[in-house]
Amino acid sequence: MSVFALARTGIPVIAFAAVAALAACGGGSGGGGGGGTAYTPPSNNPPATNPPVSTQQVVSMALPQSTIGQETDPTWGLVGGFTQTTGSQVLAFAPGSQVMLKNLASSTQHTLNVIASGVMPGMAFPSVTLSTSAAGGSTIGSGFASGALNGGQLAGPFTLAQGTYYVGCAFHYLTNTMRDVLIVQANATPGPQATPPPSGSGNPCPGGYC
């Protein structure tokens, strides 16, 4: 219908133009309706993350007469009861390193006490009674004592202060020679490891730790 015909019928020309424009928009979108992207609402749940993994090294302890064994170190002599790997050995770390302390025993309590600092090869381990109470906070250095660790307990982290120390267990230092050397110096390396005592050699917990 022409504009002149609309005018004769009384239909407003402006209204007709608006209706025609709407029809044109609707018709033009019919063929492309499938090309849009569906809306995905944002998730309220954060993405899954892996749990953090501890990078701290572990100093483990057990009776020297058990599977951890004793080692006659070529530099420091007889040590036993402490390791940073598997068998008893002289311990060595870089200054500022952080370590955890672990009692490998199932029920026997142990401690790590710093007995003397500034030690050198050939110096005798002092004959002293060690405290089972904790001291020194979270820094292993002169005067440090872990306090009693129950069987299977993991404690820490502890930061290592530079120095060379004699360490021992307050419960078994004198009775079981549970003692070691802790070297906290740049480029220090752990000593050779002990081998487990042979079967029937007096291991109080054969095949295990105590």
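Where a number appears in this text, it was derived from the coordinates with a stated rule and is not lab data. All figures in this text were calculated on a predicted structure; none of them were measured in a lab. Ideal geometry is used to build each Cβ from the backbone, glycine not excepted, and the neighbour counts take in all protein chains shown.
A few notes on this one:
- Compactness relative to 2.2 N^0.38 Å, alpha carbon Rg of region 57-184: 0.92
- Region 57-184, relative contact order [Cα under 8 Å, separation at least 6], %: 31
- For CYS205, CYS210, order by how many other beta-carbon atoms lie within 10 Å, fewest first: CYS205, CYS210
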